[in-house]
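Structure first, commentary second.
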Amino acid sequence: MKTSTNIEAVRKLCEHWASLAEKEFTELLSENCIYYDMPFPNAKAVGPQAAHAKLSPMQKDWDIGLEVVSIVGDERTVIAERVEHFRHKTNAVEPFDLPVVGVFEMADGKIKAWRDYWDRSAAEPLLRFMATSRGQGTT
């Protein structure tokens, strides 16, 4: 696949994952794509439906703005630096920004592996809210 096609697919995912439907995840991710949230590597999601199921619940409580800062790639790999802007819909949590670097392995114009790297301390408001929502206290 052309490098530009790979970069376009990753850019679409990085700029819109918070609002994409499951069908759109299926168009961008391969059938056996593995999504790793690297701060939690044991909680991987396999397949576009599983990746969507893992990420889509955040839409319920959060407005998420997505900004690609830099993106580079070739026929096999795309790396995207981005900032995810989290704003809680009821303002129960202070807004925060999460810098993320994603590494995407590509095959036939689709993402076959997706690894997001981010600092857990930067996401503390989100992690604390999620733990409290599940009745687990803070992490």
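The values are calculated or read from the model by the stated rules, or taken from the named source; none is laboratory data. Since this is a predicted model, take the numbers as computed values, not measurements. When we count neighbours, we look across all protein chains shown, and the Cβ atoms used for this are built from the backbone with ideal geometry, even at glycine.
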Within the range 7-63, considering residues that are of a type in the set (D, E) and over 13 Å from the mean Cα position of the chain (by Cα), the one modelled with the lowest pLDDT = D61
Scan (1) at pLDDT 95 or above; (2) closer than 20 Å to T5 by Cα for the single condition D108 breaks and write down its number.
-> (1)
For residues that are touching an Asp or Glu at 6+ places or on another chain (Cβ under 7 Å) and of a type in the set (A, V, I, L, M), scanning just the range 14-55, find the one that is surrounded by the most Cβ atoms within 10 Å (Cβ to Cβ).
-> M38
